[in-house]
Each structure stands twice: as C-alpha cells, then as structure tokens.
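Report on one structure; see the data block that follows.
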Amino acid sequence: MHDALSILPPRLRDSRSARSVGVQPLLLHANHHHNPFPFFCVDSAFSEDQCAVLEALFLRTNDWQHRDGAFYRCSLCDVTKTIPASFQAEILARMREITRLPLVDRVDVTAQRMLPGHVIGIHSDRPLLGYEIARLVVQLNQEWQPDHGGVLELFSSPEGKAVFSVDPEYNTAFGFTLHADSYHGVTEVTQPRQTVVFNFWHIANTPELAAYVQALFANLHFSELPAALDPVASSAESILPEDTTFRAGTAAVALHRLGYDEATIVTGYRHSAGLADCDTGDTETDAAVLLADWMAYLYRDSFDLAHWNILRNKLNRVEKFTRLQPAWQLCLPE
Ligand SMILES: O=C(O)CCC(=O)C(=O)O
Ligand SMILES: [Fe+2]
C-alpha cells in the first residue's frame, strides 16, 4: 500500500516524505458556536502540504461507493489507510483539545464526492451503539462560488429552516459532536464538491462495546425471564408505552444473562420502566441495575453524553464487582 505522499510530484515528495506533513499547527483557530448544536469552524485549517495530501486522495481514489437515495446522494470512499499515521495523530490530538472529549486512538477517514445533482437531506447522525461521536469535515473546493451549491446547513429540528450555513470554501473545516439533535444537510450541488470527513470515537461508545452489547442481547427473548417478573411486566405494559416496557425488558435480560437473581431482575425492570428509583441499599444490585439500564438504552437508542455523565457520577468510586467487570470496563473505561 502506498501512502498519499507517493502520488505527489517528486519536488513536494522528496522534502516531506520523511517527516510529518505540515509545519504550522493544524486547526489553529477554532470558532465555537452553540446554536443549533455545538460545532466549530476553522478557516485556513491546514498547511499547503496537508491540503495537497488531502486533495491527492481524490486523484487516486476510484473505488467510490455510490449512495443514491432520494435524500442522500453522494459518493464515499474509505481512505483511512492512505492518510499518513503522523497526520492522523496530529488531527486526533487537536480534536481532543478542541472538543474536550475523551476520544479513543482511532481515526476513520472518508473521502466524499458530490457531483451535480447530488444533495444530502436533513439528518442527525445520532451516535448509535459503536458509532463515532465527533466529526471533522474538511472542504477542498478551489474557487467555490455560491451558485455551485453544496452549502452545509444546520437545523434545530428536521422540519425547520436552516439556522446556520457553512460555505464549502477551500481549506475550511467544520467540526461537531454528534447527537440525537445535530440536524444538518447539504444543498444540491451544481459543480463537483470534494470533502474529507474524519471520524472520532468516544472511549465509552467503542466498536468493542458494541460487540459486547450485541452479544449480550443476541437472540433477545423475553420468554427467558423468570416467572416472578410476569405480574410486574403485565401491569407495566397496561400503563406504559411499548418503548418503555421494551427497554425495561431488555435491561432485565441483561441482568438475567449476567447471572443475577429474580429479585435483582425485578428491581432492574422496575427501575428501567421508571417505576422505582435505584436505591436498594445493596451496592452491587444498584450498580448492576444501572449498568443494565445503560446497556439497554444504548442498544435501543443511541449514545448520549449527558446520560453517560450521570451514570459515571453515580458509579464513580463504586467497587467494580467481578460479574460486572467486562461491561464496566467498556461502559466506564478509566
Ligand atoms: O459534506 C458535508 O458538508 C457534511 C456531510 C455530512 O453530513 C457529515 O459529514 O456528517
Ligand atoms: Fe451528516
């Protein structure tokens, strides 16, 4: 596998191949915004050398995956392996500073190309189980003009009007934290648009956690739950929405599969259905119920930073019980 430097002209390649690309700090001046959701913009995001590396990706890439849904029309290519590791490490370090998020040592990079007629409808990219938590979107459109389209628009709801617009000008970057309400879209383009998207993972929503949670809930059957839960679940189902009782049932399955007894499973169900606080006085029961509830939430819904912080505060300084250790380590890594 060649790296992206190998297709640069020899004049550029010779002086740069042995060291990190770029001399000036990248993403130097991040302008933070909080509406409609937290994001930041950077002008002159990268050095000339770094831009050359990113632009080169579009010359060598020919295995594009085409998305041509009604609301999502663009072409994508995973270019992670072609970005020099030192460049990735620099971007990751700077993203940690800018977002103040605990990001894992992993960066996935996608080249995105839009051709005339392509458009990306409004979506939120909410971080499902194991998905990335933050993105950096870098624009590489020389001589961009307003009539070329391809403006990134931010929304406070999927139905509303754009609250903020980001022109895809050359060497500008847009970074954001993904969550259930980070609604955005890209207007239709009339000229080709080139973008490189860097993806970053939160330490508590890793692909490893996703594998653990998927395995924990594999072949989910509520029929495996103990009969002692039946009257509790029946009465909950008669008064609560299906989403709520489904999540409570899922949390109960987690406790069952982790080897907890009937009483703990019933307590966990009642807690996740919102019928009782988690305050049994037994530290292991309370910790197990909270972790099962969180994993059921991740499985049914998506990673949510505010919820995760609440869980972390509740379990801070609590002993990591043996039976819970693998889940604990993945949900609340040190
Ligand atoms: O191309 C862009 O400006 C943004 C694309 C997008 O939706 C994303 O990276 O999440
Ligand atoms: Fe998106």
A careful count of residues in segment 264-309 that are touching a residue at least 24 places away in the same chain (Cβ under 8 Å), within 13 Å of A236 (Cβ to Cβ) and either surrounded by 15 or more Cβ atoms within 10 Å (Cβ to Cβ) or among the hydroxyl-bearing types (S, T, Y) (or both) gives 7
Out of segment 141-160, which residues are part of a loop (DSSP other than H, G, I, E, B), within 16 Å of ligand 2 (Cβ to nearest atom) and either free of Cβ contacts under 8 Å to residues at least 12 places away in the same chain or closer than 21 Å to E55 by Cβ (or both)? G150, V151
Are any of the residues in segment 236-246 surrounded by 14 or more Cβ atoms within 10 Å (Cβ to Cβ) and in contact (Cβ under 8 Å) with a residue 40 or more places away in the chain? yes
Can you tell me which of F217, F222, F176, F200 is touching a helix residue (DSSP H, G or I) at 6+ places or on another chain (Cβ under 6 Å) and within 16 Å of ligand 2 (Cβ to nearest atom)? F200
I'd like the full set of residues that are of a type in the set (V, I, T), within 11 Å of ligand 1 (Cβ to nearest atom) and in a loop (DSSP other than H, G, I, E, B), limited to segment 162-206. T172, T187
Evaluate segment 137-154: report whether one residue or more is within 15 Å of the chain's Cα centre (by Cα) and within 13 Å of ligand 1 (Cβ to nearest atom). yes
Considering each of Y297, Y269 in turn, give the residue that is within 21 Å of the chain's Cα centre (by Cα), assigned to a helix (DSSP H, G or I) and within 19 Å of F222 (Cα to Cα). Y297
Out of all the residues in segment 209-222, is one or more at pLDDT 95 or above, among the β-branched types (V, I, T) and either over 26 Å from Q112 (Cα atoms) or part of a helix (DSSP H, G or I) (or both)? yes
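The values are calculated or read from the model by the stated rules, or taken from the named source; none is laboratory data. None of these values were measured; they are calculated from a predicted model. Every residue, glycine among them, receives a Cβ derived from its backbone with ideal geometry; neighbour counts consider all protein chains shown.
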